[in-house]
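Read-outs throughout are calculated quantities, based only on the coordinates presented, and are distinct from any laboratory measurement. Treat the numbers as computed from the prediction; the structure is a model and nothing was measured. Neighbour counts are summed over all protein chains in view; Cβ atoms, including those assigned to glycine, are modelled from backbone coordinates with ideal geometry.
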Amino acid sequence: MQQAHTPPHSAKSIKHDVKRRIILDAARRMFAHDGAGSVSMRNLAREVGCSAAVLYRYFGSRESILWELRCEGIVLLNDALMGAADAADPLLRLQQLGRAYVSFGIDNLEYYELMFRTPFYEFDAGSLPDGLPDDALVLLHSTAAECLELGYFAGSDVTTVVSSMWSLVHGLVSLILNGRAPLMMGALDTHAMIDRVPDFIAGLARAARGGI
């Protein structure tokens, strides 16, 4: 069967994509260095070396730029979680997911801040944007269901397990990013805290079984 011919991208479309990438990368650097407040269209235009009017040709607003970066972060997190979870035992898989989540949050501060700690007003930040992968979310729910079938988290349900898991790992990332983790975890460095995540998740499972 003859394959359909896909025309090459035009020079104009390539230039458009490159310019968008330059703008997004500049906004991400500014956000990482000085927070969301620094990413104004005027400041961003100065950083990129163009006029604010040029920015509006590519993005409708400052928030749409930050939103696109947020969507990029969701894709990267999804890939990180899917690449980390390969254990046959569902509790071990849940531990892998938790460790990968915390590691991603620490290693990708600007994306994490945009995904979970930055308010949006033009967009619905409470749902997964259309067209973005949800493989990791599906895997998390199915893994929680497998754990319940094997007797882990006895007396619980999938929603409770998933919510408890996310509360644990998101809370830990937030404590680390805010510099508050030592209050609860002593002198452990960041990598040591990440390495303890599987133990924390195992503790949740034992607690649900009445083990602690």
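Mind checking the dipole of segment 10-60: about its Cα centre, +1 per Lys or Arg Cβ, -1 per Asp or Glu Cβ, Debye to the nearest 20?
The calculation lands at about 220 debye.
Along segment 54-63, what does the Karplus equation 6.51 cos²θ - 1.76 cosθ + 1.60 (θ = phi - 60°) give for ³J(HN,Hα), rounded to whole Hz, x for Gly and Pro?
For segment 54-63, the Karplus-derived couplings read 5, 4, 5, 5, 9, 9, x, 6, 4, 5 Hz, x marking Gly and Pro.
For segment 90-165 and segment 41-89, write down the distance between their C-alpha centroids in whole Å.
20 Å
Could you go through segment 107-123 in sequence order and give the Karplus-derived ³J(HN,Hα) for each residue, using 6.51 cos²θ - 1.76 cosθ + 1.60 with θ = phi - 60°, rounded to whole Hz, and x for Gly and Pro?
These are the phi-based 3J(HN,Hα) values: 7, 10, 3, 5, 5, 5, 4, 5, 6, 10, 10, 10, x, 10, 10, 8, 10 Hz.
So what is the 222 nm mean residue ellipticity for the chain from helices alone, if each DSSP H run of at least 4 adds -39500 (n - 2.57) and you divide by all residues, rounding to the nearest 500 deg cm²/dmol?
Details: 10 runs with 147 residues, N = 212.
Helices in the chain give a 222 nm mean residue ellipticity of -22500 deg cm²/dmol.
Based on alpha-carbon positions alone, could you give the equivalent ellipsoid semi-axes of segment 123-183 from the gyration tensor, as √(5λ), descending, whole Å?
24, 21, 9
What are the ³J(HN,Hα) values, in whole Hz, obtained from phi via the Karplus relation 6.51 cos²θ - 1.76 cosθ + 1.60 with θ = phi - 60°, for each residue of segment 194-206 in sequence order, with x given for Gly and Pro?
Once rounded to whole Hz, the list reads 4, 5, 7, 3, x, 5, 5, 5, 4, x, 4, 5, 5.
Let me test this: with uniform point scatterers at the alpha carbons of the chain, what is the Debye-based log₁₀ I(q)/I(0) at q = 0.19 1/Å?
These q points yield log10 I(q)/I(0) values of -1.32.
Which order, highest average first, do 99-108, 136-145 follow once you tally other Cβ atoms within 10 Å for each residue and take the mean per peptide?
99-108, 136-145
When you count, for each residue, the other Cβ atoms within 10 Å and take the mean per peptide, how do 193-202, 158-167 rank with the highest first?
193-202, 158-167
About the Cα centre, and with charges only on the beta carbon of Lys, Arg (+1) and Asp, Glu (-1), how big is the dipole of the chain? Nearest 20 debye, please.
780 debye
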